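> Quick one: structure below, then a few questions.
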Amino acid sequence: METYLEIIKNSYSGYWNYLKNSVLLELNWENYFYGLILISLVVWGLERVFPWRKNQPLFRKDFWLDTFYMFFNFFLLNLIVLIALSNTAAQLFNDLLGVVGLSLRNFQVIDLNSLPFALRIFIFFIVVDFTQWWTHRLLHRVDFLWNFHKVHHSVKEMGFAAHLRYHWMEPIVYNSLRYIPLAIIGGFSAQDVAVVHFFTITIGHLNHANINWDYGWLKYIFNNPKMHIWHHAKELPKEHKYGVNFGLTLSIWDYLFKTNYIPFSGRDIELGFENDEYFPKGFVKQELYPLGRDRNR
């Protein structure tokens, strides 16, 4: 059995090799590096062809900051800490279960490998998205977590790259809270994860993009730019003071749990949060903000 130090070491070396192979085009369907670039270029092109805010430039406010966030959070953050932390935490959890004579197999209620591919992907996607919807609500309800989530809500002009502007703490929260549900439905493959991941990245990019789409009747199922803009509204309704439209990929959870809110076209509404004029503008200061003295301003 690997020691925790060996897990950390192997995590770093394994992810570095993966990242290197991605850049060198030595991977196929699991190449997230060029997959992210391709999705981003396509959605950016759609912003040019179908603009909602026609006066908003393609290189909008904070475009390059958000682009840096996109690559930092999607790749470098994994290399620096997340993969090693995730693998170590998973092993620690398994070891703690072992102390009381249990393992994750005791909690597993379904083996996805026994199901057809389409059904397996659907179940995996629904469980992940529902867990993330509740986690997203938690980020807005708990003051400690909201201070980290403010980084994402500091966006003042929406565009596709704003999707991945978030603080490094957020994936730790998301990954921690979806670990148990995913363990319960164990059996999914790396390819399953890739298919779902590319799909959710695409929808997430579209949600934040300056695109004049709402998907017609599909807007009641999938999150979309005209719905998600209200999630970033600076002025919230009194009955939803903690936020609205929490869906990441699916909007259906908001309609089911009555957190949907689209009172009128939000094309030109002000984005942000109360007192966001005091929020730092640069990457390093934004990352340090939740630990600073001014975080509760």
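The values are calculated or read from the model by the stated rules, or taken from the named source; none is laboratory data. Note that the structure is a prediction, hence the values are computed from the model and not measured. Reconstructed Cβ throughout: ideal geometry from the backbone, glycine too, with neighbour counts over all protein chains shown.
> Being at pLDDT 95 or above and closer than 18 Å to Trp133 by Cβ narrows it down to one of Val244, Val196, so name that one.
Values: Val196 fails: at pLDDT 95 or above.
Matching residue, one of Val244, Val196: Val244.
Quick grid of which residues meet (1) within 21 Å of Tyr32 (Cβ to Cβ); (2) crowded, with 16+ Cβ neighbours inside 10 Å; (3) charged (D, E, K, R):
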site: His153; (1), (2), (3): no, yes, no
site: His163; (1), (2), (3): yes, yes, no
site: Gly186; (1), (2), (3): no, no, no
site: Ala190; (1), (2), (3): yes, no, no
site: Val196; (1), (2), (3): yes, yes, no
site: Phe199; (1), (2), (3): yes, no, no
site: His205; (1), (2), (3): yes, yes, no
site: Phe222; (1), (2), (3): no, yes, no
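> Kindly indicate the residue of region 118-151 that is among the β-branched types (Val, Ile, Thr) and surrounded by 22 or more Cβ atoms within 10 Å (Cβ to Cβ) and also nearest to Ala209 (Cα to Cα) among those meeting that condition.
Among them, the one singled out is Val151.
> Tally up the residues in region 248-293 that are of a type outside the set (A, V, I, L, M, F, W, C), crowded, with 18+ Cβ neighbours inside 10 Å and touching a strand residue (DSSP E or B) at 6+ places or on another chain (Cβ under 8 Å), please.
Number of matching residues: 3.
> What pairs can you find where one residue is in region 17-40 and over 17 Å from Phe198 (Cα atoms), the other is basic (Lys, Arg), and their Cβ atoms are less than 9 Å apart, with a gap of 6+ or different chains?
Glu26/Lys20
> Working carefully through the options Trp213, Trp134, Trp168, Trp146, find the one that is more than 25 Å from Pro290 (Cβ to Cβ) and among the aromatic types (Phe, Trp, Tyr).
Among Trp213, Trp134, Trp168, Trp146, only Trp213 is more than 25 Å from Pro290 (Cβ to Cβ) and among the aromatic types (Phe, Trp, Tyr).
> Right, next: Is it the case that region 68-85 has a residue that's more than 30 Å from Lys281 (Cβ to Cβ), surrounded by 14 or more Cβ atoms within 10 Å (Cβ to Cβ) and at pLDDT below 75?
Yes - at least one qualifying residue is present in region 68-85.
> Of Arg178, Arg137, which residue is in contact (Cβ under 8 Å) with a residue 40 or more places away in the chain, of a type in the set (Lys, Arg), under 25 Å from Ala84 (Cβ atoms) and in a helix (DSSP H, G or I)?
Only one candidate qualifies: Arg178.
> Tally time: how many residues in region 175-193 are farther than 19 Å from Trp133 by Cβ and within 15 Å of the chain's Cα centre (by Cα)?
So the answer is 0.
> Can you find even one residue in region 161-178 that is modelled with pLDDT of 95 or more and on the phi > 0 side of the Ramachandran plot?
no
> Mind checking which helices (runs of 4 or more DSSP H) fall wholly inside region 217-297 and carry at least 3 residues that are touching a residue at least 40 places away in the same chain (Cβ under 8 Å), of a type outside the set (Val, Ile, Thr) and within 26 Å of Leu77 (Cα to Cα)?
On the way: elements: 225-231, 252-256, 283-288.
Counting at least 3 such residues, we get 283-288.
> Condition first: over 12 Å from Ala162 (Cβ atoms) and within 24 Å of the chain's Cα centre (by Cα). Now tell me which residues in region 54-63 satisfy that.
Leu58, Phe59
> Go through region 181-216 residue by residue and tally those that are in contact with an Asp or Glu (Cβ under 7 Å, 6 or more places away or on another chain), more than 18 Å from Thr249 (Cα to Cα) and assigned to a helix (DSSP H, G or I). So that I can check it myself, show each step before the final result.
Filtering region 181-216 for residues in contact with an Asp or Glu (Cβ under 7 Å, 6 or more places away or on another chain) gives 186-187, 190, 194, 209-211.
Pick out the ones that are also more than 18 Å from Thr249 (Cα to Cα) and you get 186-187, 190.
Cutting the leftovers down to assigned to a helix (DSSP H, G or I) gives us 190.
Residues flagged as in contact with an Asp or Glu (Cβ under 7 Å, 6 or more places away or on another chain), more than 18 Å from Thr249 (Cα to Cα) and assigned to a helix (DSSP H, G or I) within region 181-216 amount to 1.
> Moving to a separate point now. Would you check if there is a residue in region 248-270 being under 17 Å from Ala162 (Cβ atoms) and aliphatic (A, V, I, L, M)?
yes
> Then there's this: Go through the residues of region 34-47 one by one and say whether even a single one is within 30 Å of Arg267 (Cα to Cα), outside any loop (DSSP other than H, G, I, E, B) and of a type in the set (Ser, Thr, Tyr).
Yes, some residue in region 34-47 is within 30 Å of Arg267 (Cα to Cα), outside any loop (DSSP other than H, G, I, E, B) and of a type in the set (Ser, Thr, Tyr).
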